[in-house]
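Down below is the structure, laid out as structure tokens.
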Amino acid sequence: MTDNAVVTINGTEVTVPEGTTILTAAELAGVQIPTLCNHPDQMIKAVCRVCVVEVEGARVFQPACSFPVWDGMNVRTNSPAVIEARKTVVEMLLSRHPQDCLQCERNLHCELQNVSKSVGVNERPFPEETRDLPIDDSSGAVVREADKCINCRRCVEACADVQGVGVLSTVNRGYDTVVSTAFNEPLEQVSCVLCGQCIQACPTGALREHNDIDRVWRALADPNKHVVVQTAPAVRVAIGEDLGLPVGTRATKLLTSALRQLGFDGVFDTDFTADLTIMEEGSELLQRLQEGGTLPMITSCSPGWIKYIEHYYPEQLDHLSTCKSPQQMFGALAKSYYAEKNQYNPDDIYVVSIMPCTAKKFEANRPEMAAEGIRDVDAVLTTRELAQMIDQAGLDFPNLKEEEYDSPLGISTGAAVIFGATGGVMEAALRTVYELVTEQELPALDFTSVRGLDGVKEASVLLPLPNGEDSLEVKVAAAHGLASARQIMEKVKNGEADYHFVEVMSCPGGCIGGGGQPRPSTTERREKRLQAIYDEDEAMTIRKSHENPAVKALYEEYLEKPLGERRHKLLHTHYVQRSRY
Amino acid sequence: MIMLCSCREVKIVREDVKEAVQRCGREKHQLLEILGQLQKGTNFLERDTLVAVAEELDLPLAEVYGTATFYSLYSTKPRGRYVVRVCESAPCHIDGAADILAAVKAHLGVAVDETTDNSQFTLETTSCLGVCSVGPAMMINDEVYGNLTPDRAVEILQSYN
């Protein structure tokens, strides 16, 4: 039992457990202390010094984020000296920060800007001394503008500890300290998986996605292009956050409406190909189980995860499902099935994806992701970029008239929408595999054991076989965050994993916490987005992928035709071994 | 030819690293000691060395590089056979460290953080060497020299040729 401490903050008494930080105690006393390096999901760093306060009896100011309270402590957060010190700290940070806020992608969404305003910076007492470091846009997905970095180290923790990747570190010391890669190599040359969790962690414009907005505007304005759009499941439960709606709002029908108003000729859903993925991946799993293929089979929807296993476990690629991700399946089908059905020249179709993800930009650019020289997907926008386009178009998003997706590539099920949440692909697959194997209706649809924010979730499902005697036990696991994926991969590598099927999503919480989602993706926000995803699933009329009528029609009309090889060509892919260093 | 050469060297690097790790241990906190040992031969840490260390200790390369660039005793850029560190802390400064530095610069013909053309000497400045009673002082590789005068400093340098 820890003892309680009575702490006085600006004259207000508050009782907290001893050891609580001043920052937390102050919050309870109704006092906000500005912070930059502090992040609700991360370790205490105490490096930015923005949160300094006056502790009675202490020789110097103390950082509120790390300083523990004691009984009888008297803290001032608003004395003239503290206000001045805090302002000076921010002024010094700004002396190394380029003053291009009006052109910056973070303009009006910037923690540094907010802090600068709240501490009352109103002049530039220190000469500007930016570092003139190059902008790294080598990856085409994640952009680093190191000059804007304030060395808070939040990206370093996200990369090294949450993702277990660690391509970013602090380099040099003292005034020369920068956050960088080993030997300052560009991201494209290091084993960065482009998940964008560093972007989620960054309080400034030092990390952002590669901007594809202008390319999409140009395509929309091109009269010779038939521009179709697909939206990933996680986008609908997050985009509202950047457009004036509360966190956790299900904005699916506003999203479709906005896309139509932006001028897309077909407004479709990645959920359609998520259902298709379940059909293909489910069949692949059954085939591996029956024919003794490599197990566990591991999902392949998450491009950051794919790049991770290629760099870090290149000898284990056989475990990956050969299925393309839903994004790529969609692109391939838009330019084949959809084009043929509607008599479009595939060359004239331009496929845009709206993704919660930065790695999807990399995936769309992979050389494998094209059929006969025609790229599956032409442009990938993050949720944030789409919100920017909606702003540019002057749409009043919350008040748009609600609309539906177009047919047939917009028809989907509840199983598809939960692809956006950790455990969702697994749950969707189990709903289908169960019924395909047992030839019985699933008694309860919700596999809650694979839901939630635990890093690794395990479950075992008994599938009663149609002969009525035997049953098939399927052992599954779901991991999110690549540090959790690594735990599973170490077991796989050492032959200790007895799973049949494993789902991996790169980002914490799954795609709802993706690197392309509105910032910040804190645990609190992830939980609300998860809830919205499961509500969306429950609200769907059809909740099993194999019951999607448009997917059934696709198989009947197109994929199963003889001389086909179409499934192989359009829906499956292969992987490449990459180096870790 | 060059390819063959560098392959062979990578192999040697790997053996050196394995040996150092065996001596010091595989724990993360041994990183500084391991880097110190590996730097002994060449006075700097090349990329292949850091890669091998990262692999052996299962650490991200960026973390190893970040550590190597944080401590001034390590260098990731090529340095001469002898690293000359002239102390510039206050006690040595009062005792005339600036004159020592000027004499060393003039003798070697390089500025601070530069290496002589024959790759023999790299000149650096350092904070306190802990021998303030015999300031001004300098250190050449692991050897400390005190009670310097400009002439004495040059004589010492000449003894390294």
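The values are calculated or read from the model by the stated rules, or taken from the named source; none is laboratory data. What you see is a predicted model, and the numbers here were worked out from it, not measured in a lab. Cβ coordinates were reconstructed from backbone atoms using ideal geometry, including for glycine residues, and neighbour counts include every protein chain displayed.
Structural remarks
- Residues of the stretch A:138-162 satisfying the condition of being in a loop (DSSP other than H, G, I, E, B), on the phi < 0 side of the Ramachandran plot and surrounded by fewer than 19 Cβ atoms within 10 Å (Cβ to Cβ): A:SER138
- Any hit, the stretch B:98-105, residues being touching a helix residue (DSSP H, G or I) at 6+ places or on another chain (Cβ under 8 Å) and assigned to a strand (DSSP E or B): no
- The condition (being surrounded by fewer than 19 Cβ atoms within 10 Å (Cβ to Cβ) and touching a helix residue (DSSP H, G or I) at 6+ places or on another chain (Cβ under 9 Å)) is satisfied by just one residue among B:ALA153, B:ALA111: B:ALA111.
- Matching residues, the stretch A:383-414, being surrounded by 19 or more Cβ atoms within 10 Å (Cβ to Cβ) and under 19 Å from the mean Cα position of the chain (by Cα): A:THR383, A:ARG384, A:GLU385, A:LEU386, A:ALA387
- Residue among A:ALA5, A:ALA26, A:ALA58 that alone is on the phi < 0 side of the Ramachandran plot, part of a strand (DSSP E or B) and out of contact with any Gly (no Cβ under 6 Å at 6 or more places or on another chain): A:ALA5
- A:GLY205 vs. criteria buried (at least 20 other Cβ atoms within 10 Å of the Cβ) and under 24 Å from A:CYS159 (Cα atoms): yes
- Members of the stretch A:418-429 that are touching a strand residue (DSSP E or B) at 6+ places or on another chain (Cβ under 6 Å) and under 16 Å from A:HIS500 (Cβ atoms): A:GLY423, A:VAL425, A:MET426
- Reported count of residues in the stretch A:142-157, each being away from every other protein chain (no Cβ under 14 Å) and in contact with a Pro (Cβ under 9 Å, 6 or more places away or on another chain), is 6.
- Odd one out for A:ILE135 among (1) without any contact (Cβ under 8 Å) to a residue 40 or more places away in the chain; (2) closer than 26 Å to A:VAL82 by Cβ; (3) surrounded by fewer than 18 Cβ atoms within 10 Å (Cβ to Cβ): (2)
- Wholly enclosed helices (runs of 4 or more DSSP H) of the stretch A:338-438 bearing at least 2 residues closer than 23 Å to A:LYS552 by Cβ: A:339-342, A:414-417, A:424-438
- A:CYS198 within 14 Å of chain B (Cβ to nearest Cβ), in a helix (DSSP H, G or I), touching a strand residue (DSSP E or B) at 6+ places or on another chain (Cβ under 6 Å) and not basic (Lys, Arg): yes
- Options A:ARG526, A:ARG567: the member that is out of contact with any Phe, Trp or Tyr (no Cβ under 8 Å at 6 or more places or on another chain), part of a helix (DSSP H, G or I) and surrounded by 24 or more Cβ atoms within 10 Å (Cβ to Cβ): A:ARG526
- Across the stretch A:6-27, the number of residues qualifying as touching a strand residue (DSSP E or B) at 6+ places or on another chain (Cβ under 8 Å), within 18 Å of A:PRO63 (Cβ to Cβ) and modelled with pLDDT of 95 or more comes to 10.
- Some residue of the stretch A:220-234 being assigned to a loop (DSSP other than H, G, I, E, B), under 26 Å from A:ASP271 (Cα atoms), modelled with pLDDT of 95 or more and not assigned by TED's automatic domain parsing to the domain that holds A:VAL90: yes
- Boolean, A:LYS491 is surrounded by fewer than 23 Cβ atoms within 10 Å (Cβ to Cβ) and touching a residue at least 12 places away in the same chain (Cβ under 8 Å): no
- Scanning the stretch A:457-488 for residues that are surrounded by fewer than 20 Cβ atoms within 10 Å (Cβ to Cβ) and part of a loop (DSSP other than H, G, I, E, B) turns up A:LEU465, A:PRO466, A:ASN467, A:GLY468, A:GLU469, A:ASP470.
- Within the stretch B:71-97, being more than 14 Å from every other protein chain (Cβ to nearest Cβ) and either aromatic (Phe, Trp, Tyr) or assigned to a loop (DSSP other than H, G, I, E, B) (or both) holds for B:ARG79, B:GLY80, B:ARG81, B:TYR82, B:GLU88, B:SER89, B:ASP95, B:GLY96.
- Qualifying residue in the stretch A:158-181 (condition: more than 26 Å from A:SER579 (Cα to Cα), of a type in the set (Val, Ile, Thr) and away from chain B (no Cβ under 14 Å)): no
- Close Cβ contacts (under 8 Å, 6 or more residues apart or on different chains) running from residues in the stretch B:41-70 that are more than 8 Å from every other protein chain (Cβ to nearest Cβ) to residues that are among the hydroxyl-bearing types (Ser, Thr, Tyr) and crowded, with 22+ Cβ neighbours inside 10 Å comprise B:ASN43/B:THR122.
- Residue list for the stretch A:182-195, filter: polar (S, T, N, Q) and either surrounded by fewer than 20 Cβ atoms within 10 Å (Cβ to Cβ) or more than 9 Å from chain B (Cβ to nearest Cβ) (or both): A:ASN184, A:GLN189
- Annotation note: of B:ARG47, B:ARG85, B:ARG23, the sole residue that is in contact with an Asp or Glu (Cβ under 6 Å, 6 or more places away or on another chain) and of a type outside the set (Val, Ile, Thr) is B:ARG85.
- Flag if B:ARG85 is surrounded by 19 or more Cβ atoms within 10 Å (Cβ to Cβ), among the basic types (Lys, Arg) and under 17 Å from the mean Cα position of the chain (by Cα): yes
- A:VAL121 meets the conditions (1) away from chain B (no Cβ under 14 Å); (2) hydrophobic (A, V, I, L, M, F, W, C); (3) assigned to a helix (DSSP H, G or I) in every case but one. The failed one is (3).
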